[in-house]
Every structure is written in C-alpha cells, then in structure tokens.
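Bear in mind these aren't lab numbers, they're just calculated from the coordinates by the rules spelled out. Nothing here was measured: the structure is a model prediction, and the numbers come from that model. All Cβ positions, glycine included, derive from the backbone under ideal geometry; neighbour counts span all protein chains shown.
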Amino acid sequence: MYPEPARHVPAERAVTVHQPTPLAPATVAPAPLVPMQPGTIPSVASIVLPDGRVVTGYAINAAQPEPIAAKPPVSRAAVNVALGGVGFLAVCGGLLMLTTFIAALTALITQLITLAAVIFGGWIAVQVFSTRGHQSGTTVNIRKAIFKRNHFHS
C-alpha cells in the first residue's frame, strides 16, 4: 500500500575531526598542616547493611540554616497612607470612567435625536412635496397653513 523507502547512498563529504587538546593539570601547593586540638571529639557511628556489611564513619551534623533576620515592623501610619492613596486613585479612576460614560451617552442621545429629526423631516418633506398623479393628494396642516398637492393656501 505504501511505497518502499528509497535507500540513498550517503554523499561523500569532507569531514574535519577536531581532537581536544589536553590541558596540563594545575599544581596546587598543599596547605601546611597546623596541629590543632579539636573542640569536641566526633562520635563514630557504625551501620549494619541488610547484606551483613558494616559501614563505620563519622556522623555528619545537618547544616543549620542561618537565622532569618527579623524584619522591622511597618508602621500603621505608613500602611494607612498607602491604602488611602490606593483608594484615592481608585475613586479618581472610577470618576473618570463615569464622566466618560456620561459624555458618550450624551453624544449617543444627541445623535439619536438628530437622526429622528432627519427621518421625520424627510418624511414630512416627502409628504408635502410629493408629485403623485392622483387627485386627492395629501393634506398636511402645519400651523394653520395648508399644503395641498404642491400649492400653498393660507
């Protein structure tokens, strides 16, 4: 069902082999041994493994972490000033968003009123100035003036 994979002869390429250059070992002068009396003699512990072997060695004390320095307490006045500043910024941001919302709402209402006036005015204009062929015509009374079939009668 599937074609056999084609076997290709690898192309001959120039291969450059890089050999690592060994470094001379650093010679470290041993520190002079100073005889000291140990403060305490470490205890020697022996452990018997499950297979019967005995392992003997010095017990290593776990490394104790350095004590954490006590943090200086933060004064209540500093906390209150910081919280008051955050609250003030939140109120200012809220008022800014409220005024922006009111301005956008005012603009929307103004545009809707303008759109309604244009549509209603257009409808009135079509009714007044329409040139239909039928005899009855449309009569529109506007402040005691009568427009009938493109003729003004007072």
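Values computed for the structure shown
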{"read-out": "Cα→Cβ-extended label distance, 7 Å offset, between Thr99 and Ser130, nm", "value": "5.0"}
{"read-out": "Fully extended contour minus Cα-Cα distance, from Lys71 to Val86, at 0.36 nm per residue", "value": "3.0 nm"}
{"read-out": "Gain upon complete extension [Thr16, Trp123; 0.36 nm per residue less C-alpha separation]", "value": "29.5 nm"}
